[in-house]
Amino acid sequence: MTVKDILIRMMARVVEGGMQVRAQLTHPMDSGLPGQVIQGRVQTFDRYLSEGGAAVSPTGRQTLSPPHYLTEVRLEINGEPAIIVYVGPAVSQDPLFGWRIPHGRTGDRVRLIWRNNLGETGHAEVIAQ
Amino acid sequence: MRRRDFLENSSALLLAAIFATPGFARTVREEEAFRIGSLEAIYSRLGARSPKESEGIRIEAPDVAEDGGRVRVVVRIDLPAPERLLLLGDRNPIPLMADVHFLKAEPVLEIDVRLADTSRVHALVFSRGQWYGATRQVQVIAGGCSG
């Protein structure tokens, strides 16, 4: 899975007393632990073999698939860090995040930056409505 | 004072000044805490010892979750100057689900998590030099086996 497979749907809406930001990231959040359902398929040993490579879960166990999960989601408002969320594989597949920012204004630039356990990173930006 | 000592001392002072600057957020992901299987070991690792039970932390989650693979949890914090939130699921192989640093955001978090089984969800908050905690039970029908 490559970086371009991660899509971010994000909206930032100015509400009374601040701004509400919600984002959904399409991400497999594959912990590598067997028996987990990923994109509608139960992880199997066949799939593991077809994808190749030994894999070890964050707990150090041998796993059926290479772990692939978000490790960090952070939000910046007009270039200033507002919140940092470090996460582990217990975050859902295609997770939704919601935040509230005080003093939000229409036109504020809201940027989401993510990282994953493979060292990949990416971002998305919206303008507050 | 030898020149080298002076340079070493001044770089230490400079670093101290940078870290003391308000708004300078130096946070790192506590990799080890996201691998440990025991709540006590995580709390110890993160220095979150003896949290006081607090009504200033509200965990919103379904009483019964049909699918442990996606449980919407909202944590609302009403404590002075909360800096950090830890969210944990006590039955997950990796209990630490999220470690949140509030910089310029309101102390609210909405997040979709996996719960491996019927669990106690713990929220710990660091506010004014003290850890506070709250717990909520979520009954899970089909476990979202994962981290």
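The values are calculated or read from the model by the stated rules, or taken from the named source; none is laboratory data. Worth saying up front: this structure is predicted, and the values here are computed from it rather than measured. We place every Cβ from the backbone using ideal geometry, glycine too, and count neighbours over all the protein chains shown.
Some observations on this one:
- Strands (runs of 3 or more DSSP E) (entirely within segment B:51-147) containing at least 1 residues that are touching a Leu at 6+ places or on another chain (Cβ under 9 Å) and under 30 Å from A:Glu80 (Cβ atoms): B:57-60, B:71-77, B:82-89, B:96-102, B:108-113, B:119-127, B:130-142
- Members of segment A:95-106 that are under 21 Å from B:Leu86 (Cα atoms) and either modelled with pLDDT under 95 or within 12 Å of the chain's Cα centre (by Cα) (or both): A:Pro95, A:Leu96, A:Phe97
- Residue within segment B:82-93 that is over 18 Å from B:Phe34 (Cα atoms) and surrounded by fewer than 23 Cβ atoms within 10 Å (Cβ to Cβ) present: yes
Conditions (1) facing chain A (nearest Cβ under 8 Å); (2) closer than 21 Å to B:Gly144 by Cβ; (3) at pLDDT below 95, marked per residue:
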{"position": "B:Val73", "(1), (2), (3)": "no, yes, no"}
{"position": "B:Glu83", "(1), (2), (3)": "no, no, no"}
{"position": "B:Leu86", "(1), (2), (3)": "no, yes, no"}
{"position": "B:Gly89", "(1), (2), (3)": "yes, yes, no"}
{"position": "B:Leu96", "(1), (2), (3)": "yes, yes, no"}
{"position": "B:Val100", "(1), (2), (3)": "yes, yes, no"}
{"position": "B:Leu103", "(1), (2), (3)": "yes, no, no"}
{"position": "B:Glu106", "(1), (2), (3)": "yes, no, no"}
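- Some residue of segment B:127-143 being surrounded by 18 or more Cβ atoms within 10 Å (Cβ to Cβ) and touching a helix residue (DSSP H, G or I) at 6+ places or on another chain (Cβ under 9 Å): yes
- Of the strands (runs of 3 or more DSSP E) that lie entirely inside segment A:66-129, those containing 1 or more residues that are facing chain B (nearest Cβ under 7 Å) span A:70-77, A:80-87, A:96-101.
- Consider segment B:108-126 and keep the residues that are in contact (Cβ under 8 Å) with a residue 60 or more places away in the chain and away from chain A (no Cβ under 13 Å). The one that is surrounded by the fewest Cβ atoms within 10 Å (Cβ to Cβ) is B:Phe126.
- The condition of being at pLDDT 95 or above and among the acidic types (Asp, Glu) holds for only one of B:Asp78, B:Asp117, that being B:Asp78.
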